[in-house]
Amino acid sequence: MKVLNFGSLNIDYTYCVDRFVQPGQTKACRELRKGAGGKGLNQSVALSMAGAQVYHAGLIGQGGAFLRTVLSDCGVDCGYIGESRSQNGHAIIQLDDAGQNCILLYPGTNLELTEPYIDRVLAHFSAGDILLLQNETNQIPYLIERAAEKGMRVALNAAPMTDEVKSYPLDKLSWLIVNEAEGAALTGQTEAGQIAETLAERHPELAIVLTLGADGVIYRQGKLDLYVPARRVAAVDTTGAGDTFTGYFLAAVADGSDAAYAMTFATAAAALAVQKPGAAASVPALEEVLKAL
Ligand code: RIB
């Protein structure tokens with residue numbers, strides 16, 4: 001089975017600081033690192049590392065040529081990636097001493113997807129294949145509608161959350177993957193159980209994956225209600241850990257695993273990712289994950 005990730009491709013600039021810069025403050029950082037990122041790219045890397053047959057589509061712009069190399073070196077098929085003369089998407093990431101981050105995004109070429117380009121790529125996929133999306137590109141409703149029409153199963157990682165997500169055709173998804181803050185913004189609820197309950201009531205056919213960071217992950221699909229705790233590890237950089245979870249989770253379900261195993265597998269992968277610096281660079285190899293399990 002094929003997984004198509006129509007996803008963002010970013011250049012990540014990570015500025016290491018003791019604490020995040022405050023409003024009105026000027027602060028020198030300790031170190032600057034440049035690497036491959038974007039929720040889309042990170043998730044493709046994780047899918048491929050986990051053993052899925054993954055195809056990435058999206059647009060690379062000025063300065064982004066190395067992103068294609070990073071993906072293909074990880075075994076991702078890059079044949080559907082397009083090019084634009086605009087600036088590539090990039091992220092300015094503050095990474096503090098606790099391993100937490102805050103991220104400022106410049107979307108760049110990630111917002112230049114067109115309907116003809118999408119149609120050309122989707123023509124190569126068929127019923128049963130999986131389409132993965134994040135909320136870092138444009139054309140999300142169009143992608144969901146066209147893929148669902150073809151009988152593809154669609155996963156949306158609704159990150160970063162925007163008001164527009166509420167008007168997306170979410171009932172046509174097979175999986176909705178959100179963190180607690182994103183789930184709260186979607187439902188108006190603040191407690192994790194209530195967020196999951198509200199989403200499950202609204203979308204009874206949909207598998208809801210609610211990631212809670214260090215508190216684990218909840219899965220709801222109709223009456224099926226699962227919880228897997230996170231592993232206790234010392235985080236050096238949480239950037240891309242959610243993407244590692246998403247890629248490993250989807251690779252497992254694409255391979256026929258049940259949701260409980262997929263959550264355990266993906267949780268182990270995310271725990272390894274937070275112990276390494278970088279976004280795509282922190283995605284662990286399958287052997288490391290299997291050993292951790
Ligand atoms: O999820 C982490 C990613 O968010 C980073 O790689 C950055 O590019 C932003 O898209």
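The values are calculated or read from the model by the stated rules, or taken from the named source; none is laboratory data. The structure displayed is predicted, hence computed values, not measured ones. Glycine gets a Cβ as well: all are built from the backbone with ideal geometry, and neighbour counts include every protein chain shown. Only protein heavy atoms, including side chains, enter the accessible area calculation; ligands, DNA and RNA are left aside. Shrake-Rupley method; radii C 1.70, N 1.55, O 1.52, S 1.80 Å.
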Requested in this report: Please report, in debye to the nearest 20, how large the charge dipole of the stretch 113-152 is about its Cα centre when each Lys and Arg carries +1 at its beta carbon and each Asp and Glu carries -1 there.
Outcome: 80
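Which FRET efficiency value, to the nearest 0.05, is calculated for Ala98 and Glu201 with the Förster distance at 30 angstrom and r the Cβ-Cβ distance?
About 0.25, to the nearest 0.05.
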Query raised in the report: Among the listed pairs Lys39/Lys172; Lys166/Lys223; Lys39/Lys223; Lys172/Lys223, which are separated by more than 27 Å between their Cα atoms?
Result: Lys39/Lys223
Query raised in the report: What do you reckon, how do Glu180, Glu201 stack up by accessible area (1.4 Å probe), largest on top?
Result: Glu201, Glu180
Query raised in the report: How much accessible area does Cys74 have with a 1.4 Å probe, in Å² rounded to the nearest 10?
Result: 40
Query raised in the report: Relative contact order for the stretch 3-56: what is it in percent, counting Cα pairs under 8 Å that are at least 6 residues apart?
Result: 49
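Provide the FRET efficiency to the nearest 0.05 for the Met1-Glu115 pair, computing r from the beta carbons and using R0 = 25 Å.
It comes out at approximately 0.45.
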Query raised in the report: What accessible area, in Å² to the nearest ten, does a 1.4 Å probe give for Lys172?
Result: 100
Report task. Could you calculate the FRET efficiency of Leu290 with Ser84 from 1/(1 + (r/R0)^6), where r is the beta carbon distance between them and R0 is 30 Å, rounded to 0.05? Result -> 0.20
Requested in this report: Could you order Tyr261, Tyr248 so the one with the most accessible surface comes first? Probe is 1.4 Å.
Outcome: Tyr261, Tyr248
Query raised in the report: How far apart, in nm, are two points set 7 Å out from the Cα along the Cα-to-Cβ line at Leu226 and at Glu31?
Result: 3.7
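Of all accessible surface on the stretch 100-229 at a 1.4 Å probe, what whole percent is carbon and sulfur?
Of the solvent-accessible surface of the stretch 100-229, carbon and sulfur hold 52 percent.
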Query raised in the report: Residues of the chain: accessible area per residue at 1.4 Å, in Å²?
Result: 43
Report summary line: Counting only DSSP beta bridges with both partners in the chain, the antiparallel fraction in percent, to the nearest 5, comes to 40
Report summary line: Cα-based Rg/(2.2 N^0.38 Å) for the chain, rounded to two decimals, is 0.94
Query raised in the report: In nm, what is the difference between 0.36 nm times the number of residues separating Glu191 and Ala235 and their Cα-Cα distance?
Result: 13.4 nm
Query raised in the report: Which far-off residues, 5 or more places away or on another chain, put their amide H under 5 Å from the one on Gln62, with H placed in the peptide plane?
Result: Ser86, Gln87, Asn88
Requested in this report: Express the relative contact order of the chain as a whole percentage, based on alpha carbon pairs under 8 Å and six or more residues apart in sequence.
Outcome: 18
Report task. For the stretch 7-151, compute Rh as the Kirkwood radius over C-alpha pairs and then the Stokes-Einstein diffusion coefficient at 37 °C and 0.692 mPa s; write the answer in µm²/s, rounded to an integer. Result -> 202
